[in-house]
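Reviewing the structure listed below.
What follows draws every value from the coordinates through simple rules; no lab data is involved. Note that the structure is predicted; figures quoted are calculated from it, not measured.
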Amino acid sequence: MTFVTKLTLQSGDRAVLDDVVSSISTFVERKGAELKGPHPKPPRTLGVPQYKRTTGEGDGFSSWRYTVYTRTLEIVGHDDVARQVAQRSLPDGVHIEVELEQIRPMGSA
């Protein structure tokens, strides 16, 4: 059975995120593993309301707005390479989510 490791990386700093994704891609290719991606998703702009009082009542400041950039990568098979990538130390502000999917060959129960 084959495992597909899906990595979702997010950051508010696009340059740092692209550097991390590039270094992961280079590492995986050097190890000879099959890599799909990176697949960029449209950036999301989020807003957080800010209040002048801790109660959250009354007039507030303008909302704090920030953008989150997302890239996804898939490593097919090569569980050891996927494990090494998932255990890497990442720069502050880069979040990684790891999803593991088991692929069964056609006709197997």
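Summary table
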item: Cross-link reach list, aspartates and glutamates versus residue 6, counting only Cα pairs under 13 Å and skipping chain neighbours closer than eight places; result: 34, 74, 79, 97, 99, 101
item: Per principal axis, descending, Cα span of the range 2-103 in whole Å; result: 58, 27, 24
item: Relative contact order of the range 2-103, defined on C-alpha pairs under 8 angstrom at six or more residues apart (%); result: 49 percent
item: Over the chain: helical MRE at 222 nm, DSSP H runs n ≥ 4 each giving -39500 (n - 2.57), nearest 500; result: -7500 deg cm²/dmol
item: The chain: angle of helix 14-31 to the longest principal axis, Cα-based, in degrees nearest 10; result: 10 degrees
